[in-house]
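Laboratory data are not the source of any read-out in this text; all were calculated from the coordinates shown. All of these numbers come straight from a predicted model, not from anything done at the bench. All Cβ positions, glycine included, derive from the backbone under ideal geometry; neighbour counts span all protein chains shown.
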Amino acid sequence: MNRARRTFLGAAGAALCWPAPGLRAHGLLGPVLPALDLPAVEVTLHDGRRLPLAAVLRGRPTALQLMFTGCSAICPVQGAVFAELQAALRRDGAGRGPAVQLLSISIDALGDDARALAAWRARFGAGPDWRAAVPDVAGVDRLLDTLRGRTAGADRHSTQVFLLDTAGRLVFRCAELASADAVAQALRQSRT
């Protein structure tokens, strides 16, 4: 997707995560039907534990973002969106089914480790329901292929938030640069 089109879609989608039917037609925005299983990859968490991604996701709805700790452009904005989303979920969430988990997954398997991920979380005031993880290089590629489809070029970074059900399946793709309010709204709609 060229830069102008990506900028346009990002601006259009930032106000509302649930896109109009015309935007959903190409399959990279909105509901994912049928839900997609994520690849069987292992991740290293911010606390140093190494677990299968499926174990991290199982049992709780999850909002997942892609990032890397060395990013100084859009990733800090994404961290701020998750910080705002975390606060909104705390205000909204008591007693409405399983608590939503936030998961920041690094796409820099060679540069990020548990220590860098822990610092990322601390930078944005992450609570216990916000985890950070990094897969190995092959795991990053397999995960990106499932979340976004095969894309060309070195920069496969995305500013989308991906929603997963309690079985860890991809059920919704938010628009690029969606606001915390838009993601919270999509979470509410996807859980009904």
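Give, as a single signed number, the net charge of other residues whose beta carbon lies under 13 Å from the beta carbon of Leu102, with Lys and Arg counted +1 and Asp and Glu -1.
Every neighbour counted, the sum reads +2.
A straight chain from Arg148 to Val77 at 0.36 nm per residue would run longer than the Cα-Cα distance by 23.6 nm.
Along segment 52-60 the Karplus relation, 6.51 cos²θ - 1.76 cosθ + 1.60 evaluated at θ = phi - 60°, assigns HN-Hα couplings of x, 4, 4, 5, 5, 8, 4, x, 9 Hz to successive residues, with x for each Gly and Pro. From the alpha carbon centroid of segment 60-93 to that of segment 116-133 is 9 Å.
For Asp181 and Arg58 in the same chain, what is the full-extension length gain: residue separation times 0.36 nm, less their Cα-Cα distance, in nm?
So the extension gain works out to 41.8 nm.
Taking 7 Å steps out from each Cα toward its Cβ at Asp113 and Arg90 produces label points 3.1 nm apart. Ala54 sits among other residues whose Cβ lies under 15 Å from its own Cβ, and their net charge, with Lys and Arg +1 and Asp and Glu -1, is +4. Counted by Cβ distance under 13 Å from Pro128, the other residues give a net charge of +2, where Lys and Arg count +1 and Asp and Glu count -1.
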